[in-house]
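Engineer: Please find one structure pasted underneath; my questions will follow.
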Amino acid sequence: MSTILVTGGTGTIGTVLTRMLIDSGHRVIILSRNAPPLPAKAFGESGPGLHRLRWDPEAGTIDPEAIRQADYIVHLAGAGVADKRWSAKRKKVIEESRTKSCDLLVKSLRDIPNKVQAVISSSAIGWYGPDPSIPNPRPFEESDPPADDFLGETCRRWEAAIAPVTTLGKRLVIIRTGIVLSKVGGALAEFKRPVRFGVAAFLGSGRQTVSWIHVEDLCRLFMQAIDNQEWNGVFNGVAPRPVTNRILTLELAKRLKGRYFVPIYVPAFLLRLIFGEMSIEVLKSVTVSAKKTRQSGFQFIYPAIENALAQLLA
C-alpha cells in the first residue's frame, strides 16, 4: 500500500483516478485550497482512504505533511483550457496555474524531508502543432518539438517547470493527455449538447482528427506510471485509434438518437465568433501516436471510439 498525493483531485480525471487508487488499496491525499488541517496521526495504519490537505500555489504554501506522507505524486492541477474565452488575463491564468503549482512541488520536495519515489505529471497534446496534412501519415510522437503557439508554449513551460524533480533523485513521468471522454463533464458533455436537440454538429469541415482517450484508460495509464519503475520521460495519453470530428459526432448521434438526427456543418467563421482565439484548438487537427505507450506494455480497454462510447453512454 502506498500513499499517493494527487493535485487536481476533484477534477474530471482526478475524481476517477482517486476512486481507482483507493479501490486498489492505496491511501490518497488530495491537495485543496480550503482543506482543514489534518494531524499526521490521522493517516496511521488505517488502510486505504481519502484525506485532504491544504495548499495554495498562488501564495506558494503547502501543508508539509502532504509531502512527508507521500510515496508518489500525481500532478493534475491546472485551470481548464476550454472553460472560458482566451483573453490575455485568462491565458495568464492557464499558464501560471500550471507553472506555479509545479514550482511549488519542486521547492517542497527540495526543502521538506520526504520519501517520494516518483512524480507523475500531466501535460497535454497541445504540445503538438496542427497536422501538416489531413490525414496525417506520420502521427506526432513524444520526441517532436513543441508548437510555437499559445498551447505549445504553455506545455513547454509546464513540462520545464516540473523537470527539476529529476535533479532531486525522483523518477519523472509526463503524460501528454488527449481529449478526455468521461461520463461527467469534459469534452463529451460538449459534444452531446447539440445531439440532445437532434443535431449532429460537425465543427468546421469535420475532417480534423481528434486524438481522444477514455478517462478510465487515462487513469490506468497514470497508475501504470506509478507502478512501473522502468517508466521515465514523456508518454502520449491518447487512444491508438484517433477519429475525425465527423466520425465521432456521427457515432455519438447514432447511439443517442438512432436515425433521428440532422447532420449540419458549423462554419469555421461562426466558431471564431463564438470562441475567439480558442477556435484554433476547436478546429485543429492533431494526430498523436500511442505507439510508445503500447510498446511500454500498456493495454487499452477502450482502443476504439465505438466501444468507448458504448460504455460511456450505457
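Engineer: Taking only DSSP H segments of four or more residues, each worth -39500 (n - 2.57), what value at 222 nm results for the chain once the sum is divided by all its residues, to the nearest 500 deg cm²/dmol? Each step should come with its number before you reach the end.
Structural biologist: Details: 11 runs with 118 residues, N = 314.
Rounded to the nearest 500, the figure is -11500 deg cm²/dmol.
Engineer: Please order Thr15, Thr166 by the number of other Cβ within 10 Å, starting at the fewest. Before the final figure, lay out the partial values.
Structural biologist: Working: Thr15 19, Thr166 13.
By the 10 Å Cβ count, ascending: Thr166, Thr15.
Engineer: Here is a further query. For the chain, set up a Gaussian network in which alpha carbons nearer than 10 Å are linked by springs, and say which option among Trp212, Trp86, Trp158 fluctuates the most.
Structural biologist: Maximum fluctuation in the GNM of the chain, among the listed residues, is at Trp86.
Engineer: Based on other C-beta atoms within 10 Å, arrange Phe191, Phe269 from fewest to most.
Structural biologist: Values: Phe191 22, Phe269 10.
The fewest-first ordering by Cβ neighbours comes to Phe269, Phe191.
Engineer: For the chain, give the share of DSSP beta bridges that are antiparallel, in percent and rounded to the nearest 5; count only bridges with both residues there.
Structural biologist: Working: 4 of 43 bridges.
In the chain, approximately 10 percent of DSSP beta bridges are antiparallel ones.
Engineer: Another question about this same structure. Stick to the Cα atoms of the range 132-219, pair each with every other, and give me the Kirkwood hydrodynamic radius in Å at one decimal. Mind dumping the intermediate values first?
Structural biologist: Values: mean 1/r = 0.0617 Å⁻¹.
So the Kirkwood estimate lands at 16.2 Å.
Engineer: Then there is this: I need two numbers for the range 60-100: Rg to one decimal and Dmax as a whole number, Cα atoms only, in Å.
Structural biologist: Answer for the range 60-100, Rg first and Dmax second: 13.7, 39 Å.
Engineer: Let me ask something else. Can you list the residues, at least 5 places off or on another chain, whose amide H is less than 5 Å from the amide H of Val74, using H built in the peptide plane?
Structural biologist: Leu5, Val6, Thr7, Ile120
Engineer: Residue by residue, what Karplus-based ³J(HN,Hα) values in Hz, rounded to whole numbers, does the range 256-272 have, using 6.51, -1.76 and 1.60 with θ = phi - 60° and x for Gly and Pro?
Structural biologist: Listing the rounded values in order: 8, 10, x, 9, 9, 8, 10, x, 9, 9, 8, x, 4, 5, 5, 5, 5 Hz.
Engineer: Next question. Most mobile of Asp217, Asp71, Asp63 per a Gaussian network model of the chain (Cα springs, under 10 Å)?
Structural biologist: Among Asp217, Asp71, Asp63, the largest GNM mean-square fluctuation belongs to Asp63.
Engineer: From the phi of every residue in the range 207-219, what ³J(HN,Hα) in whole Hz does the Karplus formula 6.51 cos²θ - 1.76 cosθ + 1.60 yield, where θ is phi - 60° and glycine or proline is x?
Structural biologist: 7, 5, 7, 10, 8, 10, 7, 6, 4, 6, 5, 4, 5
Engineer: Please give every one of the lysines within straight-line cross-link reach of Lys107, meaning a C-alpha to C-alpha distance under 18 Å, and leave out same-chain neighbours fewer than 8 residues apart.
Structural biologist: The reachable lysines, counting only those whose Cα sits under 18 Å from Lys107, are Lys115, Lys170.
Engineer: In whole Hz and in residue order, list the ³J(HN,Hα) couplings for the range 161-178 that follow from phi through the Karplus curve 6.51 cos²θ - 1.76 cosθ + 1.60, θ = phi - 60°; x for Gly and Pro.
Structural biologist: 3J(HN,Hα) across the range 161-178, in whole Hz: 5, 8, 4, x, 5, 5, 6, 9, x, 9, 6, 10, 10, 10, 9, 7, 7, x.
Engineer: Let me ask something additional. Just from the alpha-carbon atoms, what are the Rg and Dmax of the range 203-265 in angstroms?
Structural biologist: 16.3, 50
Engineer: Could you estimate the translational diffusion coefficient of the range 69-214 from the Stokes-Einstein equation, with Rh from the Kirkwood formula over C-alpha pairs, at 10 °C and 1.306 mPa s, in whole µm²/s? All intermediate terms of the calculation are to be shown ahead of the outcome.
Structural biologist: Working: Rh = 17.3 Å.
The Stokes-Einstein estimate is 92 µm²/s.
Engineer: Give me, ordered by chain and number, the residues 5 or more places off Arg54 or on other chains with an amide H under 5 Å from its own placed amide H.
Structural biologist: The answer is Ser32, Asp63.
Engineer: Sort Val165, Val266 so that the residue with the fewest other Cβ atoms within 10 Å of its own Cβ comes first and the one with the most comes last.
Structural biologist: Working: Val165 22, Val266 17.
Ordered by Cβ neighbours within 10 Å, fewest first: Val266, Val165.
Engineer: Excluding residues fewer than 8 places away in the same chain, name every one of the lysines whose C-alpha is closer than 24 Å to that of Lys89.
Structural biologist: Cross-link targets: Lys100, Lys284.
Engineer: Relative to the compact-globule scaling 2.2 N^0.38 Å, provide the ratio for the alpha-carbon radius of gyration of the chain.
Structural biologist: Normalised by 2.2 N^0.38 Å, the Cα Rg of the chain equals 1.01.
Engineer: If you don't mind, there's one more thing I want to ask. Could you calculate the contour length gain from Asp56 to Ala304, that is, 0.36 nm times the residue separation minus the distance between their Cα atoms, to one decimal place in nm?
Structural biologist: Additional length available on full extension: 85.4 nm.
Engineer: Right, next: Can you give me the long-range amide H partners of Val243? Hydrogens built in the peptide plane at 1.01 Å from N, cutoff under 5 Å, separation of 5 or more residues or another chain.
Structural biologist: Here Val210, Trp212 satisfy the definition.
Engineer: OK, next. How far, in nm, would the chain grow between Asp111 and Arg196 when pulled straight, counting 0.36 nm per residue and subtracting the alpha carbon separation? Please report the intermediate quantities before stating the final value.
Structural biologist: Working: separation 85, 0.36 × 85 = 30.60 nm, distance 5.17 nm.
Gain in length upon complete extension: 25.4 nm.
Engineer: If R₀ is 35 angstrom, what is the calculated FRET efficiency for the pair Leu256 and Asp227, using the beta carbon separation as r and rounding to 0.05? Don't skip to the end; give the middle numbers.
Structural biologist: Numbers: r = 36 Å, r/R0 = 1.04.
E between Leu256 and Asp227, to the nearest 0.05, is 0.45.
Engineer: Additional query: Enter the mean projected area of the convex hull around the alpha-carbon atoms of the range 258-298, in nm², rounded to one decimal. Working shown, then result.
Structural biologist: Working: hull surface 22.4 nm².
Averaged projected area of the range 258-298's Cα convex hull equals 5.6 nm².
No lab work stands behind these numbers, since they all come straight from the coordinates. Predicted, not measured: the structure shown is a model, and the values here were computed from it. Cβ: placed from backbone, ideal geometry, glycine included. Neighbour counts: every protein chain shown.
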